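Before any comments, here is the structure.
The values are calculated or read from the model by the stated rules, or taken from the named source; none is laboratory data. Owing to the predicted nature of the structure, the values given are computational and were not obtained by experimental measurement. Cβ: placed from backbone, ideal geometry, glycine included. Neighbour counts: every protein chain shown.
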Amino acid sequence: MRSEQFRIADRVIIIDNEEGTQPGEVGVILSKWVETLYAIRTKEGTFEWLNSAELEEIDPERHQVQAGDSVKIISNKRHPLLNVGDIVKVIKVVEDADYYEVFANDEFHWIPGFKLARYLPTTVSP
């Protein structure tokens, strides 16, 4: 999935809750990372986006997670409502998703590109 590309030092606005940020916060791009993302359905029926460091295939013979697979949660650092060891179903796989390190609200955050938009400050005409 390719969202709008951002460059280092670009100002961006965060358009969704991510890693302790609020929609509308403005930040600065510091670096970029490309990762495969997995949309999973939780036991409660909600959806979350996870990366490969947060889940693993149940079947050790399979090396690539695909939509429809059941996987095990191996880290809940970014998703404290998930439990390590939970089995969840992968709903969608998004390869080559771009993540950006954003400095916002005096903190560093890793945010997927599809949750960011270019910041265009409003100006008031006299």
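Assorted remarks:
- Contact annotation: residue pairs with Cβ atoms under 8 Å, 6 or more positions apart or on different chains, pairing a residue in segment 81-104 that is polar (S, T, N, Q) with a partner that is surrounded by 11 or more Cβ atoms within 10 Å (Cβ to Cβ), are N83/I73; N83/N76.
- With respect to the conditions (1) at pLDDT below 90; (2) in contact with a strand residue (DSSP E or B) (Cβ under 8 Å, 6 or more places away or on another chain); (3) on the phi > 0 side of the Ramachandran plot, S52 lacks only one, and its number is (3).
- Put simply, of A97, A104 the only residue that is buried (at least 17 other Cβ atoms within 10 Å of the Cβ), over 12 Å from the mean Cα position of the chain (by Cα) and within 20 Å of R7 (Cα to Cα) is A104.
- With respect to the stated conditions, S52 fails to be more than 23 Å from L116 (Cα to Cα) and hydroxyl-bearing (S, T, Y).
- Residue in segment 10-17 that is of a type in the set (D, E, K, R), surrounded by fewer than 14 Cβ atoms within 10 Å (Cβ to Cβ) and free of Cβ contacts under 8 Å to residues at least 24 places away in the same chain present: no
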